[in-house]
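Report on the structure given below.
The values are calculated or read from the model by the stated rules, or taken from the named source; none is laboratory data. Only a predicted model underlies this, so the values are computations on that prediction, with no experimental measurement involved. With ideal geometry, Cβ positions are generated from the backbone for all residues, glycine too; neighbour counts draw on all protein chains shown.
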Amino acid sequence: MKGILLIARVHLITAFRERVTLFWFLLFPMFLLVVLTLIFSGLGNGGSTNFSVAIVNMGPSTGGATDFAALVESVFDRAATPSEPGKEPLFSLVKPAPDEDKDAFIEREQKAVRLGNLAAVVVIPPDFNQQLMQSIAGTGAGDASVNKIVVYQDEANAGSQMATSIIKQIISGIDREILARTGKFDEQKDIPTDTIWIGNASGELPYVDFLLPGIILMGFFVTGLFGVPGAILFARDRQILRRYWVTPLTTPRYLAGFALGHVGLCVVQFFFLYILGRFAFGASVNFAQPAPILFLLLGSVTFLAFGFFIASLAKTPNAGMAIANILNMPMMFLGGLFFPVGGLPLVLRIIVFINPLTYLSDGLRMSLGVEAGTFSLPMTVGVPLAWILVCVLVASRRLKWDVER
């Protein structure tokens, strides 16, 4: 046991002595947490994400209890009103001027969505009230899509995807209100929704609560991707491992000590990132629960195995760093760490679905209650475990512990 603890201690001390390693392992994740939180949380004004949304009612305002189009507009108006003084509202609404051509307005705002200047355009059709009443009464005929609210979004824009998900939740709530007004609401029936982004108990989700779990996993990922193969390959290249093997230290004990040191580094990363997110930006996520702790441990072990996998493919330290750099950006930005990745093109979705980061970030956020979860619990656990198995099998066959003569 003493040898295992000594190896873990050496691994920790070496990591803290290397300035470059220390930057990528600790300072870079903290810097990224600060920058992204400030950019996407309204520079700290309350912490809720604000989206610019255009809404247009194509029909006339009829007034009365059955003016459901006006009800939709009023709900979006409330979402565009700050809940408390000094807080940003959920939406910044854009509406056509009283005498403006509505078709021209829609065309202009659609271009704004494509350019990324607007998150979404919500269009209430002209016969919305009449068609909805007929649909509720069961007397509707013709095209069933005429009474649908249309939402224009940009599938390649993460902000547009998040705004659209929130709009779907709002429309589901409006659906319940309309059914209640007409006496058709059945509490036994659940209204299905397709949700990526959900709020907390107060109805708002600060972006830092979404971001912090992703940044913590990113820190674990970078440590495994660069730190593990770097430590193994440099120790092998400098013949440090050769000196270990002439001692009573065995390979399993060395690996146990190395793994313990790696988990220790991840604990230090978690501590600093959580303190920063909690006390600098008011993050409210509670990691002191069994499920989040298990997901964090699973992430640490997954990226440890991934590091050994890279070390088994590379013959030199420089080759290991090159492989890590090739994998770093695609896996990091297509793993859902910083924003939802549900609306990406098919080619990029392939990377999303084979990326262990995708399932770990989804499972961690689901266990923390900040996201509904895209994948089932068996998938969020099973896919990382499958990666661990594959990486361990490849590393056990290919990894060389001494320089080739």
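Hand me the list of helices (runs of 4 or more DSSP H) wholly inside the stretch 73-190 holding 1 or more residues that are small (Gly, Ala, Ser) and at pLDDT below 80.
128-137, 158-181
Could you look through the stretch 362-396, keep only residues that are of a type in the set (A, V, I, L, M, F, W, C) and free of Cβ contacts under 8 Å to residues at least 40 places away in the same chain, and pick out the one that is farthest from Phe309 (Cα to Cα)?
Met366
Out of (1) part of a helix (DSSP H, G or I); (2) without any contact (Cβ under 8 Å) to a residue 60 or more places away in the chain; (3) surrounded by fewer than 21 Cβ atoms within 10 Å (Cβ to Cβ), what's the single condition that is false for Tyr359?
Going through the list (1) part of a helix (DSSP H, G or I); (2) without any contact (Cβ under 8 Å) to a residue 60 or more places away in the chain; (3) surrounded by fewer than 21 Cβ atoms within 10 Å (Cβ to Cβ), Tyr359 breaks only (3).
Enumerate the pairs (first residue in the stretch 310-332 and on the phi < 0 side of the Ramachandran plot; second residue anywhere and of a type in the set (Phe, Trp, Tyr)) with beta-carbon separation below 6 Å, excluding pairs fewer than 6 apart on the same chain, so at least 6 apart or on different chains.
From residues that are on the phi < 0 side of the Ramachandran plot, the pairs are Pro317/Phe234; Ala324/Phe226.
Any residue in the stretch 9-24 that is of a type in the set (Gly, Ala, Ser) sitting within a Cβ distance under 6 Å of a residue that is assigned to a helix (DSSP H, G or I)? List the pairs, counting only those 6 or more apart or interchain.
Final answer for the pair search is Ala15/Thr21; Ala15/Leu265.
Which of (1) modelled with pLDDT under 90; (2) assigned to a helix (DSSP H, G or I) does Ile196 not meet, given it meets every other one?
Result: Ile196 fails condition (2) only.
If I filter the stretch 295-314 for residues that are over 23 Å from Gln161 (Cα atoms) and surrounded by fewer than 16 Cβ atoms within 10 Å (Cβ to Cβ), do I get at least one hit?
Among the residues of the stretch 295-314, at least one is over 23 Å from Gln161 (Cα atoms) and surrounded by fewer than 16 Cβ atoms within 10 Å (Cβ to Cβ), which makes the answer yes.
Restricting attention to the stretch 84-130, which residues are aromatic (Phe, Trp, Tyr) and over 24 Å from Ser160 (Cα atoms)?
Residue satisfying the conditions is Phe128 alone.
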